[in-house]
Amino acid sequence: MIVLSHSGGQTMKRRFILGVVVIAVTTLAANSQTDQGREHSWIDVTAPLDPATTPTYPGDTQPRFEFIRSFSSGDKVTLSSYLMSAHAGTHVDAPLHFVPQGASIDQVPVTRLMGRARVIDCSPDATATDAAELNKHNWRGAKRILFRTRNSRNSWLVDRNFHQDFTYIAPETAQLMADAGIELVGIDYLSAEKFGAAEARTHQILLGKSIPIVEGLDLRAVKPGEYDLIVLPLRVVGHEAAPARALLRPLE
């Protein structure tokens, strides 16, 4: 039989309490690190809006951001005014853009804009994502496809000079994706359409199937693979497009 003295019992009790505290602190620290890791794993793929670096599609409104009131002018508040196209920087095209009586941007279901997405890293020299380029990659089975192209490699979304030879999505690729049931398509420049195309067939095919197009994605720091995607365009009633914030999170 082992008999513990009063002082010995108190010592063991303190050790037990200390052990519980250490375990609790360790668990909280681990959970905190896990939460921070999850938070930091989100990648902001929104192109920065800055008149000094933001390219503008020919014919669109040049972005202009002004301070109506500012502390430097003696005001007690900062107040800004924004003037820009609905297609500036990262934005979402709704069916109304090319489909008469099509859904406006506020009518695009958010379920189309959020969920699993696949980033495809196109060949460095591909000037178009045609059927041959598409079929080089594992794209079937994806619900949302984002194309990373030479546009990202050249950092054209942060070059104020508009590049007419940007890599685009060919109509044949748009048709393949529409037939496969794709729910969303994204590209890393200001348009999915070839510059100067006689007809906007890529837009007509995708938007005609109610497939929103996310244009102007900043995919420079993104690797090919599977991601969680969140794209949130401004809820502008009755219009064909709106600027958006876009985020990707790698799937383990």
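Each value in this text was obtained by applying a stated rule to the coordinates, not by laboratory testing. These numbers come from a predicted model, not from an experiment.
To the nearest µm²/s, what D does Stokes-Einstein give for segment 119-247 at 20 °C and 1.002 mPa s, using the Kirkwood radius over alpha carbon pairs as Rh?
Details: Rh = 14.9 Å.
Rounded, D is 144 µm²/s.
What is the Cα centroid distance between segment 186-211 and segment 110-179, reported in whole angstrom? Measuring centre to centre over Cα atoms gives 11 Å. Across segment 88-102, rounded Karplus estimates of 3J(HN,Hα) from the backbone phi angles (6.51 cos²θ - 1.76 cosθ + 1.60, θ = phi - 60°) give 7, x, 6, 8, 10, 8, 9, x, 4, 4, 9, 10, x, 6, x Hz, Gly and Pro being marked x.
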